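Below: one structure, written as structure tokens.
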Amino acid sequence: MSRVINFSAGPAVLPEAVLTRAREELLDWQGSGMSVMEMSHRGKEFIAIAQKAEADLRELLAIPASYKVLFLQGGATAQFAMVPMNVLRGKTTADYINTGEWSKKAIKEAKKFCAVNVAGSSESTQFTTAPKQNELKLNPQSAYVHYTPNETIGGVEFSYVPETGDVPLVADMSSTILSRPIDVARFGVIYAGAQKNIGPAGLTIVIVREDLMGQVSASAPTVFDYKTYADNESMYNTPPTYAWYMAGLVFEWLKQQGGLRRMAEINQRKAAKLYEYIDGSGGFYRNPVEPVSRSWMNVPFTLKNAELDEAFLKGAKKAALVQLKGHRSVGGMRASIYNAMPEAGIDALINYMREFVRTQG
Ligand SMILES: *Cc1c(COP(=O)(O)O)cnc(C)c1O
């Protein structure tokens, strides 16, 4: 068996140690005689798995007790609707910062529920920057401020957490959660689809400040009310049990690696290496993002001649480097280098890129 080096943006590579552990426990979880997939979510075995996962996530992110952690379905995309349904709390306006494709989708959905004030946008730079704090035009009447700390497609990341005063800050952290420590108390709501930096697809994690719950719009279905999950340990209905278990294994793995401070060091070093090589390639490879806003997780780059793209991808595949094709909306290449991508994977990619310049440049 040989595993490839997988640069997929999501669903993405998982730590090999986690997959091995899941395989060991696949048929018989710790003497229970069954797979986690076959367990009742109301049984004591699964409840223990679920509680351990939440406790480990709380420890990793140092989540204050005044926040609930919800394990949901529907992806980050469902949150584009659940956020306004839950957090508008009778208000009619919300602020959104637009830094690319995912911000735009969140804005489009929010417009079904309220007036959207675009409080900042990097559209004029083709989303190669993030607005600075002093460029934000926040509306103090808004129910919340929504932003995308890391734009997965454009590879643009905020180098700071926006200051929003008393207005709750809502963050779509799908592609950056757990990449470094964060101060959860700065946020009203944090949400993330699991398939990038948490675990398999099918699970969505929402971290929500308690006082923002319980004022859902009257017409909102029960399964779209955060409080439904908060009051029922995320088990009002059947949760995505296996994905929850896998996320728990990833949280354990992160703790074994030394926690998020350690992951931040590694992630920063991995990203810096790749950008440094791109910038030093004499223009053969190019990343368009302003240096201060370059993502640690998603590194898009173009070749000086797009006609070489196909040969680049073909050669990469031969070297077991896969899923490097850029998003259809931007073209070129993209290397997603989440927590589970080892530094050796970056080294292999850079070696290949160098070799490609030698033979094709
Ligand atoms: C992947 C992604 C999404 C969409 O997630 P789904 O789980 O597919 O709904 C939303 N926002 C960001 C920032 C993403 O990276």
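The values are calculated or read from the model by the stated rules, or taken from the named source; none is laboratory data. Only a predicted model underlies this, so the values are computations on that prediction, with no experimental measurement involved. We place every Cβ from the backbone using ideal geometry, glycine too, and count neighbours over all the protein chains shown.
Couple of notes before you dig in:
- Single residue of 350, 266, 337 found to be among the hydrophobic types (A, V, I, L, M, F, W, C), in contact with a strand residue (DSSP E or B) (Cβ under 9 Å, 6 or more places away or on another chain) and closer than 27 Å to residue 15 by Cβ: 337
- Which listed residue, of 262, 286, is surrounded by fewer than 16 Cβ atoms within 10 Å (Cβ to Cβ), more than 21 Å from residue 125 (Cβ to Cβ) and not β-branched (Val, Ile, Thr): 262
- Of all residues in region 327-346 being in contact with a Lys or Arg (Cβ under 8 Å, 6 or more places away or on another chain) and at pLDDT 95 or above, the one that is surrounded by the most Cβ atoms within 10 Å (Cβ to Cβ): 338
- Evaluated against (1) charged (D, E, K, R); (2) surrounded by fewer than 24 Cβ atoms within 10 Å (Cβ to Cβ); (3) within 16 Å of the ligand (Cβ to nearest atom), residue 196 falls short on exactly one condition, (2).
- Within region 134-163, tally of residues that are touching a residue at least 60 places away in the same chain (Cβ under 8 Å), out of contact with any Asp or Glu (no Cβ under 8 Å at 6 or more places or on another chain) and surrounded by fewer than 24 Cβ atoms within 10 Å (Cβ to Cβ): 3
- Just one of the listed residues (145, 170, 208) is of a type in the set (A, V, I, L, M) and touching a Ser or Thr at 6+ places or on another chain (Cβ under 6 Å), and it is 145.
- Hey, residue 294 loosely packed, with under 13 Cβ neighbours inside 10 Å and under 20 Å from residue 174 (Cα atoms) or not: no
- Residue identified as modelled with pLDDT of 95 or more and under 27 Å from residue 211 (Cα atoms) among 27, 72, 14, 19: 72
- Per-region count, region 79-96, residues closer than 22 Å to residue 202 by Cβ and touching a strand residue (DSSP E or B) at 6+ places or on another chain (Cβ under 7 Å): 2
- Within region 163-175, the residues that satisfy the criterion of being part of a loop (DSSP other than H, G, I, E, B) and within 16 Å of the ligand (Cβ to nearest atom) are 173, 174, 175.
- Some residue of region 263-283 being under 19 Å from residue 182 (Cβ atoms), modelled with pLDDT of 95 or more, in contact with a Leu (Cβ under 7 Å, 6 or more places away or on another chain) and not assigned by TED's automatic domain parsing to the domain that holds residue 157: yes
- Within region 64-102, the residues that satisfy the criterion of being within 13 Å of the ligand (Cβ to nearest atom) and closer than 28 Å to residue 233 by Cβ are 72, 73, 74, 75, 76, 77, 78, 79, 80, 81, 82, 83.
For every residue, the table says whether it meets (1) free of Cβ contacts under 8 Å to residues at least 12 places away in the same chain; (2) touching a Pro at 6+ places or on another chain (Cβ under 6 Å); (3) more than 19 Å from residue 204 (Cβ to Cβ).
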site	(1), (2), (3)
11	no, no, no
14	no, no, no
20	yes, no, yes
23	yes, no, yes
29	no, no, yes
36	no, no, no
40	yes, no, yes
43	yes, no, yes
46	no, no, no
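- Residues in region 216-236 that are exposed (fewer than 15 other Cβ atoms within 10 Å of the Cβ) and of a type outside the set (Ser, Thr, Tyr): 218, 221, 223, 231, 232.
- Residue within region 176-187 that is closer than 30 Å to residue 17 by Cα, within 11 Å of the ligand (Cβ to nearest atom) and under 12 Å from the mean Cα position of the chain (by Cα) present: yes
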